[in-house]
Amino acid sequence: MRFQDLVPIELNVIESSTVYQPGKPRPKQHDWQIDWDRLRQLILDNDERLDEVKAGIAEDWVRTHGTVWDRTRGFYRKPNDSYDYDDTVFWGYSSWGTPAISVIFADETEASYQLYKEGMDYNYHYLGK
């Protein structure tokens with residue numbers, strides 16, 4: 001699998017949550033989850049070109065991303081394990097946003113891509129489980 005086959009996406013920061021407010025229903029636009037099979041294959045096919053891969057929801061990246069792979073540790077046991085310092089809460093599913101990945105390449109360039117499929121599974125399955 002090649003990065004050229006993916007759709008680039010901008011990662012956004014929501015300063016105050018307009019998406020969820022207590023007492024109001026959550027918006028429902030779709031059921032999209034990270035495509036873990038494609039993500040795993042993408043990493044395995046390109047690991048020599050990568051430094052780090054994170055996954056989360058593009059429209060609220062700061063609060064929803066987690067590291068899934070890096071050059072030193074390989075695949076993380078789970079996103080946001082104790083090694084990840086930034087205190088986010090990983091989300092792999094969204095009814096309103098776009099599941100995406102952010103990649104830091106070995107040449108120190110960065111890029112972000114949509115990477116989702118239909119589904120409501122917010123758990124991580126890139127370890128093949």
(message) Need pairs with beta-carbon distance below 8 Å; first residue over 15 Å from D35 (Cα atoms) and open to solvent by less than 10 Å² (accessible area, probe 1.4 Å) and within segment 49-70, second in a helix (DSSP H, G or I) and among the hydrophobic types (A, V, I, L, M, F, W, C); sequence gap 6+ or separate chains.
(response) L50/I43
(message) What's the total number of residues in segment 81-129 that are surrounded by 11 or more Cβ atoms within 10 Å (Cβ to Cβ), among the aromatic types (F, W, Y) and either modelled with pLDDT under 65 or more than 24 Å from R49 (Cα to Cα) (or both)?
(response) 7
(request) Within segment 34-48, track down each residue that is open to solvent by less than 20 Å² (accessible area, probe 1.4 Å) and among the polar types (S, T, N, Q). (result) N46
(request) Report yes if V13 is modelled with pLDDT under 90, within 15 Å of the chain's Cα centre (by Cα) and in a loop (DSSP other than H, G, I, E, B), otherwise no. (result) yes
(request) Give segment 50-74 a look and list any residue that's over 19 Å from I9 (Cα atoms) and either part of a loop (DSSP other than H, G, I, E, B) or at pLDDT below 90 (or both), or say none. (result) R71, T72, R73
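The values are calculated or read from the model by the stated rules, or taken from the named source; none is laboratory data. Just so it is clear, the model here is predicted, and its values are computed rather than measured. Quick reminder, even Gly has a Cβ in these numbers, built from the backbone with ideal geometry, and neighbours come from all protein chains shown. With ligands, DNA and RNA removed, areas are computed over all heavy atoms of the protein, side chains included. Shrake-Rupley method; radii C 1.70, N 1.55, O 1.52, S 1.80 Å.
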